[in-house]
Amino acid sequence: MELRAGGWWLLCAAAALASCAHGDPASKSRSCGEVRQIYGAKGFSLSDVPQAEISGEHLRICPQGHTCCTSEMEENLANRSRAELETALLDSSRALQAALAAQLRGFDDHFQHLLNDSERLLQDTFPGAFGELFTQNAKAFRDLYAELRLYYRGANLHLEETLAEFWARLLERLFRQLHPRLLLPDDYLDCLGKQAEPLRPFGDAPHELRLRATRAFVAARAFVQGLGLAADVVRKVAQVPLGPECWRAVMKLLYCAHCLGVPGARPCPDYCRNVLKGCLANQADLDAEWRNLLDSMVLITDKFWGPSGAENVIGSVHSWLAEAISALQDNRDTLTAKVIQGCGNPKVNPHSSGSEEKRPRGKLVVQKPPAGALEKLVSEAKAQLRDAQDFWISLPGTLCSEKMAMSAASDDRCWNGVARGRYLPEVMGDGLANQINNPEVEVDITKPDMTVRQQIMQLKVMTNRLRSAYNGEDADFQDASDDGSSSGSGDGCPDDVCGRKVSKNSSSRTTLTHALPGLSEREGQKTSATGCPRPCMALLLLLLTLGLSVARPRWR
């Protein structure tokens, strides 16, 4: 390949010299006059431009034959070519960033609107349906929605434990309200919590909400996070500086024809592609992981539909809460008898007034969220994501055809980097490794750009999160069991979570990870503890175990 490329340049140089030898001086003067006009139109001083061709030994980038360019002109045009390519790259990346940002805003607004509407319906309908059972516990319901919102926004909450804690606390509070004449100390409520799983005081609602909410919220969160990450990758990669060899090749591509007195010759298509494939070699290496990410995002939209889909679940949280309170009202007498059987007969509160009032079951008409808006969002997103899949490998060709004034065909009239004529070298493949024999840009394939490599890793991590979310799993808490029997207190939660004294510093209160735009670290810390999440603690224990050479680690 190197011999072939070398022979090609010798041929082109000979052709250029022959062309100069046989051209007439008048035509060369006219060519320099045209160069003067173009150079002046770009805002440069015409005093830099010679009236006629001069010897080109002073040129550092363009071929050193007869030329219309002084050293200062060559430098100015090199800077201009650099600015033009930088602008073209930014324009292309900004267009994709804008499309991804618009999708993110659309989905984020929709999902938050669903959750906000569910909370509004709860606030509007529960007081009339459940009376003091709701009004005296309104803060608990507000806190639940706040935590669901934080989880969706990227806080590192363990959603199953958050729900388990909610049901445990709600059971204690409602049991007290249903039996105001009884003394219910902490140890009795601890026993109540332990009895909750077999008694199922809230019916199937906690189990159903856990199964569906975890899948729905993790899918919605992962999808919008994927949109945010994709836009961020495009933004960061657009800022990766190109090397000096690239800028030399771009100057040669765009303006050396001017210096040789043929400003009307447009770059040959394959010549332009080789230059930009060399310049954007690192960027093209994003292609595989970029496609994986977008494929995973398209796939996970399937989880937005159906009974357990994000569209239905996020907008219907209040319906499971209503079912739970109704079940508790219906099962009140049976529940009380079984709790007394398991925990003993509690003492009567001597300071209570009146008899226990049996509250009638409330009637609540649950409204379902309107359909249709999400379907349009998903349809548009799928089309745009598929269109963007080949963004990185198609970028050289796109820039050549749209920004580099490339010739329509590779023929004897296009600019091949040396003279007006055909471009014979083959077009290189995509990516850094394929540029080893690039005839236009000298690329060191042993030194990949670290920023691009970091973004490739970010794409891999996000793709894994999306794939876990597709299976209904939160990648931050892979150790959590995905099955379990239903229970009244939150469906299969352990005693130390469902019991009376649930720690406020549990692993369901951890710092932000993978936060969506708009959720600051400070905001998340308001409802987060400084403790390490369960996966982090497991890793810390493992490292301590290895460091201390403990023969057999003990796990709780």
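Any chance you could count how many residues in the stretch 433-465 are touching a Phe, Trp or Tyr at 6+ places or on another chain (Cβ under 9 Å) and closer than 25 Å to Asp270 by Cβ?
2
Mind listing whichever residues of the stretch 336-347 are open to solvent by 10 Å² or more (accessible area, probe 1.4 Å) and either farther than 30 Å from Leu182 by Cβ or in contact (Cβ under 8 Å) with a residue 24 or more places away in the chain (or both)? Talk me through it step by step, then tell me what you get.
We begin by selecting, within the stretch 336-347, every residue open to solvent by 10 Å² or more (accessible area, probe 1.4 Å); these are 336-338, 340-347.
Thr336, Lys338, Gly342, Cys343, Gly344, Pro346, Lys347, listed by residue number.
Filter the stretch 429-458 down to the residues that are crowded, with 23+ Cβ neighbours inside 10 Å and of a type in the set (A, V, I, L, M) and list them by number.
Val441, Val443
Between residues in the stretch 85-103 that are modelled with pLDDT of 95 or more and residues that are open to solvent by 60 Å² or more (accessible area, probe 1.4 Å) and part of a helix (DSSP H, G or I), which pairs lie under 6 Å by C-beta distance while being six or more apart or on different chains?
Close Cβ pairs (under 6 Å, with a partner that is open to solvent by 60 Å² or more (accessible area, probe 1.4 Å) and part of a helix (DSSP H, G or I)) amount to Gln97/Arg235; Ala99/Gln384.
Of the residues in the stretch 114-134, how many are farther than 20 Å from Thr162 by Cα, touching a Phe, Trp or Tyr at 6+ places or on another chain (Cβ under 7 Å) and either open to solvent by less than 30 Å² (accessible area, probe 1.4 Å) or in contact (Cβ under 8 Å) with a residue 60 or more places away in the chain (or both)?
Result for the stretch 114-134: 1.
Among the residues of the stretch 135-188, count how many are among the β-branched types (Val, Ile, Thr) and touching a residue at least 60 places away in the same chain (Cβ under 8 Å). Reasoning before the result, please.
Going residue by residue through the stretch 135-188, those that are among the β-branched types (Val, Ile, Thr) are 135, 162.
Filter once more, so that each one left must be touching a residue at least 60 places away in the same chain (Cβ under 8 Å): 162.
So the answer is 1.
Out of all the residues in the stretch 397-428, which are of a type in the set (A, V, I, L, M) and open to solvent by 10 Å² or more (accessible area, probe 1.4 Å)?
Filtering the stretch 397-428 down to residues of a type in the set (A, V, I, L, M) leaves 399, 404-406, 408-409, 418-419, 424, 427-428.
The answer is Ala405, Met406, Ala408, Ala409, Val418, Ala419, Leu424, Val427, Met428.
Out of contact with any helix residue (DSSP H, G or I) (no Cβ under 8 Å at 6 or more places or on another chain) and buried (at least 21 other Cβ atoms within 10 Å of the Cβ): is that true of Cys256 in this structure? Walk me through it before giving the result.
Working: out of contact with any helix residue (DSSP H, G or I) (no Cβ under 8 Å at 6 or more places or on another chain): yes; buried (at least 21 other Cβ atoms within 10 Å of the Cβ): yes.
The answer is yes for Cys256.
Looking only at the stretch 127-144, decide whether some residue is more than 16 Å from Ala220 (Cβ to Cβ), touching a helix residue (DSSP H, G or I) at 6+ places or on another chain (Cβ under 8 Å) and not in a helix (DSSP H, G or I).
Yes, because at least one residue in the stretch 127-144 is more than 16 Å from Ala220 (Cβ to Cβ), touching a helix residue (DSSP H, G or I) at 6+ places or on another chain (Cβ under 8 Å) and not in a helix (DSSP H, G or I).
Answer yes or no: is there a residue in the stretch 236-248 that is crowded, with 24+ Cβ neighbours inside 10 Å, of a type outside the set (D, E, K, R) and touching a residue at least 12 places away in the same chain (Cβ under 8 Å). Quick ask: steps written out before the conclusion?
Here is the first cut: in the stretch 236-248, the ones crowded, with 24+ Cβ neighbours inside 10 Å are none.
The answer is no, given that none of the residues of the stretch 236-248 is crowded, with 24+ Cβ neighbours inside 10 Å, of a type outside the set (D, E, K, R) and touching a residue at least 12 places away in the same chain (Cβ under 8 Å).
Run Ile325 past the list (1) at pLDDT 90 or above; (2) part of a helix (DSSP H, G or I); (3) open to solvent by 10 Å² or more (accessible area, probe 1.4 Å) and report the number of the one that doesn't hold.
Unmet for Ile325, out of (1) at pLDDT 90 or above; (2) part of a helix (DSSP H, G or I); (3) open to solvent by 10 Å² or more (accessible area, probe 1.4 Å): (3).
Asp476: at pLDDT below 95 and crowded, with 16+ Cβ neighbours inside 10 Å, yes or no? Lay out the reasoning, then the answer.
Values: at pLDDT below 95: yes; crowded, with 16+ Cβ neighbours inside 10 Å: yes.
When the stated conditions are applied, Asp476 passes them.
Got at least one residue in the stretch 377-396 being within 28 Å of Leu253 (Cα to Cα), open to solvent by 30 Å² or more (accessible area, probe 1.4 Å) and free of Cβ contacts under 8 Å to residues at least 12 places away in the same chain?
yes
Is it the case that the stretch 65-85 has a residue that's closer than 30 Å to Leu321 by Cα and either assigned to a helix (DSSP H, G or I) or among the charged types (D, E, K, R) (or both)?
Applying the first criterion (closer than 30 Å to Leu321 by Cα) to the stretch 65-85 yields none.
No, the conditions are met nowhere in the stretch 65-85.
For the stretch 66-81, what are the residues that are more than 15 Å from Cys32 (Cα to Cα), open to solvent by 10 Å² or more (accessible area, probe 1.4 Å) and touching a residue at least 60 places away in the same chain (Cβ under 8 Å)?
Ala78, Arg80
When you scan the stretch 305-320, do you find a residue that is open to solvent by 40 Å² or more (accessible area, probe 1.4 Å) and either without any contact (Cβ under 8 Å) to a residue 60 or more places away in the chain or under 18 Å from the mean Cα position of the chain (by Cα) (or both), even just one?
Yes, because at least one residue in the stretch 305-320 is open to solvent by 40 Å² or more (accessible area, probe 1.4 Å) and either without any contact (Cβ under 8 Å) to a residue 60 or more places away in the chain or under 18 Å from the mean Cα position of the chain (by Cα) (or both).
The values are calculated or read from the model by the stated rules, or taken from the named source; none is laboratory data. In this text, all values refer to a predicted model and were calculated from it rather than measured experimentally. Positions of Cβ are backbone-derived with ideal geometry, glycine not excepted, and every protein chain shown enters the neighbour counts. Each accessible area value is taken on the protein alone, full model and side chains, heavy atoms only, with ligands, DNA and RNA left out. Shrake-Rupley method; radii C 1.70, N 1.55, O 1.52, S 1.80 Å.
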